[in-house]
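All remarks here apply to the structure that follows.
The values are calculated or read from the model by the stated rules, or taken from the named source; none is laboratory data. A quick note: this is a predicted structure, and the numbers were derived from the prediction, not measured. Don't worry about glycine lacking a Cβ; one is built from the backbone with ideal geometry, like all the others, and counts go over all protein chains shown. These accessible areas exclude ligands, DNA and RNA; they are computed on the full protein's heavy atoms, side chains included. Shrake-Rupley method; radii C 1.70, N 1.55, O 1.52, S 1.80 Å.
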Amino acid sequence: IYDPATGKELWRVRCGGMNVAARPLYGNGLVYMTTADGGFRMFAAKPEGNGDITETHVAWKQGKGIPKYASQIFLDGLLYMGSEGGVLTCIDGMNGEVIWQERVGGVFTASPLVAGGRVYFFSEDGATTVIQAGRKFELVATNKLSDGCMASPAVTGDALLIRTTKN
């Protein structure tokens, strides 16, 4: 992590991996990051200290169900994610424990979004899977677009913007 004003390195974690596409998230006093291919896969670190904080500030690591491409959603202390293997996962942000995992099918490369306490996952084949956020898996709806979705959707006001492979 670097100081945005000066570019000086503040701290680093030796976590391995490569080609990270997911954005880091912050919550519960921790920074959540993924490593894409290899390495820790996902970890949480206390954003304190100087230099190499790998041994002193990494709170937890998790390798089960972590996506390579899509970012996660952090909501009410939980991390939600969809993997390219068609699995949705919910992880406790404090300890890295997998709360639930469900195979719903599809390939998730677009990042999910949250609205009204629900998490929306968009797959490459055009399926939109909607779940109720929480410690128990609850499928709300599955909708099908005419073609696939690889780009992360956006929200503006009351509108949901979805870029599919053709539209």
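Quick look at the numbers
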| quantity | calculated |
| --- | --- |
| Among 142-150, 117-125, the order from most to least packed when residues are scored by Cβ within 10 Å on average | 117-125, 142-150 |
| Zero-based 5 Å bins, Cα pair distances in segment 1-126, whole percents | 2, 11, 20, 24, 20, 11, 7, 4, 1 |
| Separation between Cα centres of segment 31-50 and segment 1-26, rounded to whole Å | 9 Å |
| For GLY126, distant residues with modelled amide H under 5 Å away | CYS149 |
| Per residue accessible area in Å² of the chain, where ligands, DNA and RNA are left out and the probe is 1.4 Å | 51 Å² |
| Segment 1-138 - share of DSSP beta bridges that are antiparallel (%, nearest 5) | 90 percent |
| Euclidean distance between Cα centres, segment 147-167 to segment 62-117, Å | 19 Å |
| Given charges at beta-carbon only (K, R positive; D, E negative), |dipole| of the chain in Debye | 140 debye |
| Sum of -39500 (n - 2.57) over DSSP H runs of 4+, divided by residues of the chain (222 nm, nearest 500) | -500 deg cm²/dmol |
| Globularity index of segment 92-167, i.e. its alpha-carbon radius of gyration over 2.2 N^0.38 Å | 1.15 |
| Accessible-area composition of segment 27-92, carbon plus sulfur, in percent [1.4 Å probe] | 45 percent |
| P(r), alpha carbons of segment 66-119 - 10 Å bins starting at zero, rounded % | 27, 57, 16 |
